[in-house]
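**Student:** First the structure, which I've put down as C-alpha cells, then a few questions once you've had a look.
The values are calculated or read from the model by the stated rules, or taken from the named source; none is laboratory data. Model, not experiment: these values are computed from the prediction. Using ideal geometry, Cβ is built from the backbone for each residue, glycine included, and neighbour counts are taken over all protein chains shown.
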Amino acid sequence: MKLPSTFESLIEKANDLNLYKKLIKQLNKDLLYANIDLEFDEETLPTSLKLVLHETIYQLIQSKFADYLNLLYIVDVSELKIKALDGSDALKLSEDVTFLILQREWQKVWYKEKNSFS
C-alpha cells in the first residue's frame, strides 16, 4: 500500500473508497484511548477535521507534552517519522504531526477494510 503523501490525497482516497466515516471513527477511538477530550462527528468536513486536530495537537505539544506522546503511542505513529520532522517551529511541527496521525489512522482503516470478509 502506498500511503497518500498529502492531506488532500488522503481525503480523496478515503472518499473514493467510502471510508471517510470509518477514518473518523478510528480517530475518535484512538483519541478516547489516549484520554484526549476531542470527538469528531462523522459528518465533520475534512477541512474542519484538519483544523481542529491541528489545533489540538499544537495545544498538546505546548502544554500537555506527556498526553501528546501518549497519543502518538496509541495511534502508533512511527517514531522515525516523528524524529525526522523539524521541531524548531511548534506550529509547523503540529501540522506535520497532524498529517502523520491521519495517515496512520488511514492505514489502519484501509487494512481493516481490505482484510474484512464481510
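**Student:** Does the range 6-15 contain at least one residue that is over 15 Å from F99 (Cα atoms), aliphatic (A, V, I, L, M) and over 12 Å from the mean Cα position of the chain (by Cα)?
**Tutor:** Among the residues of the range 6-15, not one is over 15 Å from F99 (Cα atoms), aliphatic (A, V, I, L, M) and over 12 Å from the mean Cα position of the chain (by Cα), which makes the answer no.
**Student:** For the range 86-118, name all the residues that are over 21 Å from T56 (Cα atoms) and of a type in the set (G, A, S).
**Tutor:** Once the filter is applied, which keeps residues that are over 21 Å from T56 (Cα atoms) and of a type in the set (G, A, S), the range 86-118 yields S116, S118.
**Student:** Yes or no: the range 58-71 includes at least one residue that is touching a helix residue (DSSP H, G or I) at 6+ places or on another chain (Cβ under 8 Å) and part of a loop (DSSP other than H, G, I, E, B).
**Tutor:** No, the range 58-71 contains no residue that is touching a helix residue (DSSP H, G or I) at 6+ places or on another chain (Cβ under 8 Å) and part of a loop (DSSP other than H, G, I, E, B).
**Student:** With respect to K2, determine if the residue is farther than 12 Å from L102 by Cα, at pLDDT below 95 and not polar (S, T, N, Q).
**Tutor:** Answer is yes for this residue.
**Student:** Another question about this same structure. Could you check the range 74-118 and list, in sequence order, the residues that are aliphatic (A, V, I, L, M), without any contact (Cβ under 8 Å) to a residue 40 or more places away in the chain and out of contact with any Gly (no Cβ under 7 Å at 6 or more places or on another chain)?
**Tutor:** If the condition is that a residue be aliphatic (A, V, I, L, M), without any contact (Cβ under 8 Å) to a residue 40 or more places away in the chain and out of contact with any Gly (no Cβ under 7 Å at 6 or more places or on another chain), then V77, L80, I82, A84, L85, A90, L91, L100 are the ones that fit.
**Student:** If you don't mind, another one. Give the number of residues within the range 25-46 that are of a type in the set (S, T, N, Q), under 18 Å from K108 (Cα atoms) and either touching a residue at least 60 places away in the same chain (Cβ under 8 Å) or not in a helix (DSSP H, G or I) (or both).
**Tutor:** Residues in the range 25-46 being of a type in the set (S, T, N, Q), under 18 Å from K108 (Cα atoms) and either touching a residue at least 60 places away in the same chain (Cβ under 8 Å) or not in a helix (DSSP H, G or I) (or both): 1 in total.
**Student:** Looking at L80, L49, can you tell me which residue is under 22 Å from D16 (Cβ atoms) and in a helix (DSSP H, G or I)?
**Tutor:** Answer to the check: L49.
**Student:** Turning to a different aspect of this structure: Looking at (1) out of contact with any Phe, Trp or Tyr (no Cβ under 7 Å at 6 or more places or on another chain); (2) within 20 Å of S5 (Cα to Cα), which is the one condition that is false for K50?
**Tutor:** (1)
Conditions (1) surrounded by fewer than 17 Cβ atoms within 10 Å (Cβ to Cβ); (2) of a type in the set (A, V, I, L, M); (3) touching a Cys at 6+ places or on another chain (Cβ under 7 Å), marked per residue:
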position: L17; (1), (2), (3): yes, yes, no
position: D37; (1), (2), (3): yes, no, no
position: T44; (1), (2), (3): no, no, no
position: L51; (1), (2), (3): yes, yes, no
position: Y58; (1), (2), (3): no, no, no
position: N70; (1), (2), (3): yes, no, no
position: V77; (1), (2), (3): no, yes, no
position: K81; (1), (2), (3): yes, no, no
